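S.K.: So that we are looking at the same thing, I have put the structure below in C-alpha cells.
The values are calculated or read from the model by the stated rules, or taken from the named source; none is laboratory data. Every value quoted in this text rests on a predicted model; they were computed, and no experiment measured them. Reconstructed Cβ throughout: ideal geometry from the backbone, glycine too, with neighbour counts over all protein chains shown.
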Amino acid sequence: MCNVGIDVGSKELVMVIRHKGKNHKARSFNNTPEGHAQIVKTLSSKKGEVRVCLEATGIYHFDLAVALSRSNTLKVMIVNPKAARHFAVALMTRSKTDQVDANVLAQYAEIMPFEAWQVPSDKVLELRAFSRRIAALTKLKVQTKNQLHALQSSVSVPEIILEETQASIEFFEMQIQRLKEHALTLIGSEETLQRTLEIITSIKGIAESSAIQLLGELLILPKDMNNRQWVAFAGLDPRHYQSGTSVSKKPRISKAGNSYLRQALYMPALCASRRDPYVSAYYQHLIENQGLKKMQAVCAVMRKLLHAIHAMLKNETHFDSTRFFNMAA
C-alpha cells in the first residue's frame, strides 16, 4: 500500500509517495487539469491500494480531489489545515517547505484513521460553485458599502469617486442576482434539489439566497455523516481548554471547519431569533438564564439550526419550530 501526500498551492502541486515507511523523491506538477491528469496516471500505475491525503486549501484543492476520486483506483482524504498543522507539530518537524508539508500529509495518511472523501454529483458541484461565488460577491458588496459610507463622511472626496463606488455596489448586486437566478434554475432542474430547497426554506429566516449557500456546502457532505459531524464540519463544536486545576477557560466554538457554512448560517440564525417565537425564546433563554453573550447565543442557535436541518433532510420534513425549544419548561 502507498500513502501519498500532496501539498496544494495555487499554481504548483508537490507530491510525496510513501511506501513501507520510506519516502520517494518529491515531484512537482502544475495545478491545472493537465497536471491533475499526470498525477492520476502516475499513481494509477502503482500496485496495491493507493491512499492520497490533501489539505483543504480554499478552492485550489477541490478540482484535484475530484480528478483523483473519479479515477476509481485511488482513495482520497481531505484533512482540515489545523489537523495537519497539529500533526506536523506532533512529528516535531523543524522546517516548513512544500516538500516537508507533502511528507507530513503522507505520514498522516499512513498513521491516522483514513476517512475517504466522496465526490459529489456534477449538479451539486455546480451549485457549490454558484454559492461560493455569491458569497464572495456579497462580501465585496459589503466592503464597498462600508467604503462608500467612509467616503461620504468627507467633504473633500470628488463626486466622481462617490458615483463610481455606488456603481460598483450596483454591479455587484446585478451579478449576485444573475448568479442566484442561475442557481435556482439549476435547483429547479432536479426534483430532489427542488424538494431540498423547499424543506430548508421552511425555516423562518432562511430565504432563497441563504438556502443556496447552505445547499452548496451541505450537499457535498457524505450521506452517512451524523448531526454532530455536521457541527464539527462547520466548526461550531465547542472547544474546551483546561490544564490541571488552575487553567480552565470558557468553551468557545472551535472554528476548525467550513467558514462558508458558518457564514451561510449566521444571518438565518439572526433572523430566526427575531422572527420565530420558539427560536427567539431559545435565544433569550441562553442570554437570560444561561448567561451567554449575544454572539455566543447566536452561535448556539446556528448549531441547533444545523441539527434541525440535518433531521429535516434525513426525514424529508419541514421545520417544526415547536420542537426547537419548549417554552413551558
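S.K.: Quick test for you: out of Q213, Q229, Q177, pick the one residue that is in a helix (DSSP H, G or I), polar (S, T, N, Q), in contact with a Pro (Cβ under 9 Å, 6 or more places away or on another chain) and closer than 26 Å to S259 by Cβ.
M.R.: Just one listed residue meets the conditions, Q229.
S.K.: Just need a number here: residues in the range 194-243 that are at pLDDT below 90 and of a type in the set (A, V, I, L, M).
M.R.: 7
S.K.: Right, another one. For the range 147-161, give me the residue count where each residue is loosely packed, with under 10 Cβ neighbours inside 10 Å and either of a type outside the set (A, V, I, L, M, F, W, C) or assigned by TED's automatic domain parsing to the domain that holds R262 (or both).
M.R.: Counting residues in the range 147-161 that are loosely packed, with under 10 Cβ neighbours inside 10 Å and either of a type outside the set (A, V, I, L, M, F, W, C) or assigned by TED's automatic domain parsing to the domain that holds R262 (or both) gives 5.
S.K.: While we're looking at this one, here's another question. One residue is enough: does the range 306-322 have a residue meeting the conditions outside any helix (DSSP H, G or I), surrounded by fewer than 19 Cβ atoms within 10 Å (Cβ to Cβ), touching a residue at least 24 places away in the same chain (Cβ under 8 Å) and not acidic (D, E)?
M.R.: Checking the range 306-322: at least one residue is outside any helix (DSSP H, G or I), surrounded by fewer than 19 Cβ atoms within 10 Å (Cβ to Cβ), touching a residue at least 24 places away in the same chain (Cβ under 8 Å) and not acidic (D, E).
S.K.: Which number in (1) among the polar types (S, T, N, Q); (2) closer than 21 Å to A135 by Cβ; (3) in contact (Cβ under 8 Å) with a residue 24 or more places away in the chain marks the one condition that S189 misses?
M.R.: Failing condition for S189: (2).
S.K.: Here is a further query. Within the range 280-329, how many residues turn out to be within 28 Å of D224 (Cβ to Cβ) and out of contact with any strand residue (DSSP E or B) (no Cβ under 7 Å at 6 or more places or on another chain)?
M.R.: Going through the range 280-329, the residues within 28 Å of D224 (Cβ to Cβ) turn out to be 299-321, 323-324.
Adding the requirement that they be out of contact with any strand residue (DSSP E or B) (no Cβ under 7 Å at 6 or more places or on another chain) leaves 300-321, 323-324.
Final tally of qualifying residues: 24.
S.K.: If you don't mind, there's one more thing I want to ask. Do any helices (runs of 4 or more DSSP H) entirely within the range 17-125 hold 2 or more residues that are touching a strand residue (DSSP E or B) at 6+ places or on another chain (Cβ under 6 Å) and surrounded by 19 or more Cβ atoms within 10 Å (Cβ to Cβ), and if so, which?
M.R.: Where helices (runs of 4 or more DSSP H) fall fully within the range 17-125 and carry at least 2 residues being touching a strand residue (DSSP E or B) at 6+ places or on another chain (Cβ under 6 Å) and surrounded by 19 or more Cβ atoms within 10 Å (Cβ to Cβ), they are 33-44, 62-69, 98-111.
S.K.: Counting only residues that are hydroxyl-bearing (S, T, Y) and touching a helix residue (DSSP H, G or I) at 6+ places or on another chain (Cβ under 6 Å), how many does the range 96-153 have? First the steps, then the outcome.
M.R.: Initially, the range 96-153 is screened for residues hydroxyl-bearing (S, T, Y), giving 97, 108, 121, 131, 138, 144, 153.
From what is left, the residues that are touching a helix residue (DSSP H, G or I) at 6+ places or on another chain (Cβ under 6 Å) are 108, 131, 144.
Within the range 96-153, residues that are hydroxyl-bearing (S, T, Y) and touching a helix residue (DSSP H, G or I) at 6+ places or on another chain (Cβ under 6 Å) number 3.
S.K.: Does at least one position in the range 268-279 carry a residue that is surrounded by 18 or more Cβ atoms within 10 Å (Cβ to Cβ), within 30 Å of I59 (Cβ to Cβ) and under 20 Å from the mean Cα position of the chain (by Cα)?
M.R.: Yes, the range 268-279 has at least one match.
S.K.: Name, by its number, the condition in (1) under 30 Å from K25 (Cβ atoms); (2) at pLDDT 90 or above; (3) not polar (S, T, N, Q) that does not hold for L140.
M.R.: (1)
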